[in-house]
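Here the structure comes first, spelled out in structure tokens, and everything after it is commentary.
The values are calculated or read from the model by the stated rules, or taken from the named source; none is laboratory data. Since the model is a prediction, treat every value here as computed from it, not as a measurement. Heads up, the Cβs are rebuilt from the backbone with ideal geometry, glycines too, and the neighbour counts pull from every protein chain shown. With ligands, DNA and RNA removed, areas are computed over all heavy atoms of the protein, side chains included. Shrake-Rupley method; radii C 1.70, N 1.55, O 1.52, S 1.80 Å.
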Amino acid sequence: MPVIIKVLGFSVALTLVFTLIANLLPQVEGEAPVEKTFDPAAFTEESFVALGEELFKGKGTCTLCHNNMGRAPDILAMNMVETAVERLAEARYQGAATDAESYLRESLLEPSVYVVKNYGKKGSNDTESPMPIINKAPIQLSDIEMDALIAYMQAKDGNSVTVALPTSTPPVEEKTAAASAAPVVAKNAEEAIKQYGCM
């Protein structure tokens, strides 16, 4: 039997084995994330905390790092209100927060203000946090979502929720004429370089 037929037969057999294995494994179908809209007037404290828990485990991607694997403090195992009060009293803390709620908000919006010892970026001597700012890309939580997340971190250990429930939709900013105007298209490459500062 020629060598080419043996090679082709082996290749086909190997492909069939891999196909069989791939079909035997459980199949997971991913779904595109759904953008949720909130009716601020419909929130109760319980539903607001439940939204915070959903964000903590989902869109906020908090559990990727804040777990028992040691990459970041395990928030689920900590009483965050007590922890916040302790951290506010530490000499290393240089932020502007005055209570647990403002500390948690500051941690979400300015994570490098206070970095827990041994959890900073490598080489930063615990002065720079690896945590992203959560109201910016890639997470981009809204103000209501951040409030819900803080409410969840307060309530999960039986503490009082001090975050005010949203009462109405935030005012929509009016677009200025310049912002709503269509961008001017460059006529040639040189004009595009001048207009957009490309080098």
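Listed values, structure above:
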| quantity | calculated |
| --- | --- |
| Filtered residue count, segment 82-106, keeping only those that are hydroxyl-bearing (Ser, Thr, Tyr), open to solvent by 30 Å² or more (accessible area, probe 1.4 Å) and not in a loop (DSSP other than H, G, I, E, B) | 1 |
| Scan of segment 129-152 for residues that are open to solvent by 10 Å² or more (accessible area, probe 1.4 Å), among the hydrophobic types (A, V, I, L, M, F, W, C) and over 11 Å from the mean Cα position of the chain (by Cα), ordered by number | 144 |
| Test result for residue 137, modelled with pLDDT of 95 or more and either under 30 Å from residue 69 (Cβ atoms) or among the basic types (Lys, Arg) (or both) | no |
| Number of the exception - residue 68 against (1) modelled with pLDDT under 95; (2) surrounded by fewer than 15 Cβ atoms within 10 Å (Cβ to Cβ); (3) closer than 20 Å to residue 164 by Cβ | (3) |
| Any hit, segment 91-99, residues being charged (D, E, K, R) and either closer than 21 Å to residue 40 by Cα or under 14 Å from the mean Cα position of the chain (by Cα) (or both) | no |
| One residue from 26, 73 being surrounded by 10 or more Cβ atoms within 10 Å (Cβ to Cβ) and assigned to a loop (DSSP other than H, G, I, E, B) | 73 |
| Residue check, residue 79 touching an Asp or Glu at 6+ places or on another chain (Cβ under 7 Å), on the phi < 0 side of the Ramachandran plot, of a type in the set (S, T, N, Q) and open to solvent by 40 Å² or more (accessible area, probe 1.4 Å) | no |
| Options 165, 109: the member that is modelled with pLDDT under 95 and surrounded by 10 or more Cβ atoms within 10 Å (Cβ to Cβ) | 165 |
| Number of positions in segment 35-70 that are among the β-branched types (Val, Ile, Thr), touching a residue at least 40 places away in the same chain (Cβ under 8 Å) and outside any loop (DSSP other than H, G, I, E, B) | 1 |
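The rows are residues; the columns are (1) open to solvent by less than 100 Å² (accessible area, probe 1.4 Å); (2) modelled with pLDDT under 90.
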position: 3; (1), (2): no, no
position: 9; (1), (2): yes, no
position: 17; (1), (2): yes, no
position: 22; (1), (2): yes, yes
position: 30; (1), (2): yes, yes
position: 34; (1), (2): no, yes
position: 38; (1), (2): yes, yes
position: 42; (1), (2): yes, yes
position: 48; (1), (2): yes, no
